[in-house]
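Trainee: Mind having a look at this structure? Questions to follow.
Just so it is clear, none of the values below were taken in a lab; they were calculated from the coordinates. Keep in mind the model is a prediction, meaning the values are calculated, not measured. As a convention, Cβ positions derive from the backbone with ideal geometry for all residues, glycine included, and neighbour counts pool all protein chains shown.
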Amino acid sequence: MPSTKPENSSPFSLSSLVLPFYLPSGFAFLGVGLAGPLLALYARHLGMANSGAAFIVGLVGLGSLLFNIPAGQLMARYGMRRAVIIATFVEACAAALAGLVRVPGVLGATAFVTGMTQTTFFVARLAYFRNLVPSDKRGRALSLIGGENRLGYFVGPIAGGFLAQTFGFRYAFFAYAALMAFASLFLFLWAPSTERPASSESWKPAQSLAMLRENARTFATAGTAIITLQLMRTARQALVPLVAHSLGLSVSQIGLIIGLMFFVEILLVYPVGQAMDRLGRKAVALPCLLFLALGLALLPFVHSVEMMVVAVVVAGIGNGLGSGINMTLSTDFAPARDPSRFIGMWRFVVDLGTMSGPFIVGIIAAVLSLGGAAFIVASVGFGGAAVMGFLVPEPRPRSRR
């Protein structure tokens, strides 16, 4: 297997990332797109209320949050290649088990494990990109990963809605399992090998705490802004299908609406990558937060399919403007000497938003309404835009081209 190269090694081509990263990521994102938007509806199908269904979705974020730091430490100790192959295989097994469940508790357990495996893949992929991709091409490289994510969420919900409507929810999760198995196979065949650190001292928990202290300002400013972005993104996964369900739409219709939202995002993927590399990261991060918050703020006023389409398109524009921004910022700020640990810490911090989104929706929906939950999450998003605009330093100098 090829070994990792130093950052900014020459020559470099994005095509070198296709087999080891873009194809496995594409399989994974398509699988998540198939099953992820159906998770809340699947929980409802198993007998849970809206608040309980949002809680099940939140368990994905909780598993991700709790395993971020351990994932970075394990990679520092055993290497990224081994960790990412095992993680994708375990995710395939968890997806297959989710398709077999009969009670919500087991579905919740598989959601939690899925969060753990997804964060391992995320941290490993970004650590690879930090070392392999020159900084002046990193925006485009990671915006393509973000684009794959959106393509998966464009095709996935439509296909998943069809499978659930025609054959039952479980078949969408079986398809998810098959796609993750393909991702694990491609990683086994083509993922670059990585060296272990020279000393076992480098992977001890104290090293992670030291790195957190060294980068406290970055986590307090850029981390806070991305927390709000992740909060809105995961809250949207619960809000959009549940609001659409409250309008009386079928599962297949909901899948089409979610697919439209991600189609809008796909159109922005590559231009956003170019903008990040030429205009700077904040040039796309700020409008991303503003438009996504505006799209969520429109949800309380949705009383028809037409208004639903307007809200998801505005949210889609916002999230499309943020294609790859979380990943790009984490690799920009990560030190070259230990990227996997920093990215694990970064993901731990921002996953506070990933985890809290569905739980906030569930709690507020139980106390107030879905509309109230959407309004509060949107307000937090506008606050995150203010942090991004005024407090976050620009990590990537603007290109003069």
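Trainee: If I stretch the segment between SER369 and LEU391 completely, what's the gain in nm (0.36 nm per residue apart, minus their alpha carbon distance), one decimal?
Mentor: 4.6 nm
Trainee: Report the Cα centroid-to-centroid distance between region 284-301 and region 264-278 in angstrom, as an integer.
Mentor: What the calculation gives is 18 Å, centre to centre.
Trainee: Gain in length, ALA216 to PHE382, computed as 0.36 nm per residue apart minus the alpha-carbon separation, to one decimal in nm?
Mentor: Working it through step by step, the gained length comes to 57.5 nm.
Trainee: Given 25 °C and 0.890 mPa s, compute D for region 253-395 with the Stokes-Einstein relation, Rh being the Kirkwood radius over Cα pairs; round to the nearest whole µm²/s.
Mentor: Rounded to a whole number, D works out at 151 µm²/s.
Trainee: So what is the orientation-averaged projected area of the chain, using the convex hull of its C-alpha atoms, in nm²?
Mentor: 17.7 nm²
Trainee: Let me ask another. Mean shadow of region 72-226, computed from the convex hull of its alpha carbons, in nm²?
Mentor: One quarter of the hull surface, i.e. the mean projection, equals 11.5 nm².
Trainee: Next question. Using only Cα atoms, find the angle between the long axis of helix 370-390 and the longest principal axis of the chain, and express it within 0 to 90 degrees, rounded to the nearest 10.
Mentor: 30 degrees
Trainee: Okay, moving on. Taking the Cβ of each residue in VAL18, VAL133 as the centre, tally the other Cβ atoms inside 10 Å and list the residues starting with the fewest.
Mentor: VAL18, VAL133
Trainee: Another question about this same structure. Can you pull the three principal axis extents for the Cα set of region 46-108, in Å, largest first?
Mentor: 43, 22, 11
Trainee: When CYS93, CYS288 are ordered from fewest to most other Cβ atoms inside 10 Å of their Cβ, what list results?
Mentor: CYS93, CYS288
Trainee: Order these by the 10 Å Cβ neighbour count, fewest first: TYR128, TYR42, TYR176, TYR171. Walk me through the intermediate numbers first.
Mentor: Values: TYR128 23, TYR42 27, TYR176 30, TYR171 16.
In order of increasing Cβ crowding within 10 Å: TYR171, TYR128, TYR42, TYR176.
Trainee: List the extent of the Cα atoms of region 288-360 along each of their three principal axes, largest first, rounded to whole Å.
Mentor: Largest first, region 288-360 extends 53, 25, 15 Å along its Cα principal axes.
Trainee: Sticking with this structure for a sec: Return the sequence-ordered ³J(HN,Hα) values of region 63-80 in whole Hz as given by the Karplus equation 6.51 cos²θ - 1.76 cosθ + 1.60 applied to θ = phi - 60°, using x for Gly and Pro.
Mentor: My calculation for region 63-80 gives x, 5, 4, 6, 9, 4, 5, x, 4, x, 5, 5, 5, 4, 8, 10, x, 6 Hz in order.
Trainee: Send over the Kirkwood Rh of region 1-156, from the inverse of the averaged 1/r over different Cα pairs, rounded to one decimal Å.
Mentor: 16.6 Å
Trainee: Cβ neighbours within 10 Å, averaged per peptide: list 374-384, 49-59, 323-333 in order, most packed at the top.
Mentor: On the way: 374-384: 21.1, 49-59: 23.0, 323-333: 26.0.
Going from most to least packed, we get 323-333, 49-59, 374-384.
Trainee: Moving on to the next point. Starting from 0.36 nm per residue, how many nanometres of slack lie between ILE86 and SER193 once their C-alpha separation is accounted for?
Mentor: On the way: separation 107, 0.36 × 107 = 38.52 nm, distance 1.40 nm.
The ILE86-SER193 span can extend by a further 37.1 nm.
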